[in-house]
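Each value in this text was obtained by applying a stated rule to the coordinates, not by laboratory testing. Just so it is clear, the model here is predicted, and its values are computed rather than measured. Virtual Cβ from ideal backbone geometry, glycine too; neighbours counted across all protein chains shown.
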Amino acid sequence: MFGKANNNHDRQTIQHDLDSLLEWPDKWQMPINSAKCVVTHLGKGNQEFTYFMGKQQLDIVDEERDLGVVITNNVKPSRQCHTAYARASKSLGLLYQTFSYKSPDILLKLYKTLVRYAHICISAWSPHYVKVLLKRVQHQFTHMIPGLGKMLRRQT
């Protein structure tokens, strides 16, 4: 749930919406685990009001991950990009450790399947990170293919 609260009246409106939200699970006997619910205050100059679900005060966090997307209180994509880079780097390391037969054709197919999704993710969130972060992963990948790393060093 998102809302903008510039004053106490706006805060009360959001709190009323939270209270209304709790009526549905009570009616259908599907309780919400309010301990998993948090508040992230976005933007500068935020008054950082507190909110409750039932009698429990919601925790205030600087970042939250939901469906694989990292939302930070400054709303910048850098955390999301670094998370995607770490995931791609981890997949690349797993690929290297798992396969002993390192045929260039097989490695390239595995790279495109298991690692390349981070390219799309980072490109969508912040195109300028593509050069910085993904070049590192691509560089690591080229050294996985026997002879290719040496061949690239000779060309430069």
Open item on the list: Beyond a 31 Å Cα-Cα separation, which of these cross-linked pairs lie in this structure: LYS36/LYS90; LYS36/LYS112; LYS4/LYS90; LYS4/LYS55?
Closed with: LYS36/LYS112; LYS4/LYS90
Open item on the list: If you take every residue apart from ASN6 with its C-beta less than 15 Å away from the C-beta of ASN6, what net charge results, scoring Lys and Arg +1 and Asp and Glu -1?
Closed with: +1
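Can you tell me the FRET efficiency between LYS112 and LYS76 if r is taken as the Cβ-Cβ distance and R0 is 41 Å, rounded to the nearest 0.05? Walk me through the intermediate numbers first.
Details: r = 29 Å, r/R0 = 0.70.
It comes to 0.90.
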Task: Label point 7 Å beyond Cα of HIS41 along Cβ direction - residues of the range 68-100 with amide nitrogen under 19 Å - done: 71-76
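Given Cα positions, please report Rg to Rh for the range 8-72, the hydrodynamic radius being the Kirkwood one. Show your work: numbers first, answer last.
On the way: Rg = 13.0 Å, Rh = 13.2 Å.
Rounded to two decimals, Rg/Rh equals 0.99.
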